[in-house]
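The values are calculated or read from the model by the stated rules, or taken from the named source; none is laboratory data. Being a predicted model, the structure only gives us computed values, none of them experimental. All Cβ positions, even for glycine, are placed from backbone atoms using ideal geometry, and neighbour counts span all protein chains on display. In case anyone asks, the SASA skips ligands and DNA or RNA and just uses the protein heavy atoms, side chains included. Shrake-Rupley method; radii C 1.70, N 1.55, O 1.52, S 1.80 Å.
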Amino acid sequence: MTIGEALKKVQNQLGLTATAMAAGIISKGTYSKVVNGKQSLSSDSLVKILFKNNIDINDFFEMLKSTYMSESRQYEEKLFNGMQQALNNHNTKMAQEYLAQIKTKTSNKYLQQRAEITVAFLTNNIDKLNDEFKKSVIDKLNSHPNWIKDIDALRLFNTSLLILPNDKVEVEMRLFFIKIAHTEQIYERTVCYLML
């Protein structure tokens, strides 16, 4: 689904006219061209339309995945969601099947490590994950320059809390909060600079 098609769908769900949907942001004519695929919409205008009409951004972008997300990333998302479902349902067999697919059909190391941890957790074999594997998880996290902004790395970090020793969890949590604080300081400094 394109952005225009998604806007039209949400507009219909909300029972709004094109004029009401885009009022104060873009003209009715421009909006019509966007929903009919004849013109692009700036990201600023899109976000303004979504916020103005109280449209959930996550739900909106979920509709766009099939058009704008690469097939390989869509496949990884499908595998990730399947693994989550297996974990939530404590379905060991399903988790093992997804692990096999993840290991053979993706190159996403974050996803592979998460799947291994999940299966070890479901089969009560966390203690069988060796120190080399645990070190590889930490190395993978630390190889990313700013992993707190990478959703795959954050997911791995969350899952790795199941296997890391308490002292390693403390160190990683400390680093996590330092990076967040640093990011917020940069953001605040940037906003202050832009306001000058």
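The gain in end-to-end length when the S107 to T19 segment is fully stretched comes to 27.1 nm, 0.36 nm per residue minus the alpha carbon separation. Percent of Cα-Cα pairs more than 13 Å apart in the range 50-119, please. In whole percent, the share of Cα-Cα pairs in the range 50-119 beyond 13 Å is 66.
Kindly identify the chain as rounded, prolate or oblate by the Cα gyration tensor criterion: order the square roots of the eigenvalues as a ≥ b ≥ c, call it rounded if a/c is under 1.5, otherwise compare a/b with b/c, prolate if a/b is larger, else oblate. Taking the square roots of the gyration eigenvalues as a ≥ b ≥ c, the chain is oblate.
Listed peptides 101-111, 14-24 appear in the order 101-111, 14-24 once ranked by packing, highest mean of other Cβ atoms within 10 Å at the front. Keeping the other protein chains in place, figure out the carbon and sulfur percent of the accessible area of the range 1-140, with a 1.4 Å probe. Carbon with sulfur: 49 percent of the solvent-accessible area. Using a cutoff of 8 angstrom between alpha carbon atoms and counting only pairs six or more residues apart, the relative contact order for the chain works out to 14 percent.
Accessible surface area normalised per residue over the chain is 63 Å², counting heavy atoms of protein chains with a 1.4 Å rolling probe. The local environment of K168, defined by Cβ-Cβ distances under 13 Å, has a net charge of -2 under the rule Lys, Arg +1 and Asp, Glu -1.
Between the range 51-71 and the range 96-154, what is the separation of their alpha carbon centroids in Å? Here the answer is 28 Å between Cα centres.
With the simple spin-label model, which puts each label point 7 Å out from Cα in the Cβ direction, the V47 to V169 separation comes to 3.6 nm.
Could you give the Stokes-Einstein D for the range 79-173 in µm² per second, using the C-alpha Kirkwood radius, 37 °C, 0.692 mPa s? The calculation lands on 244 µm²/s. Helix 166-195 and the longest principal axis of the Cα set of the chain meet at an angle near 20°.
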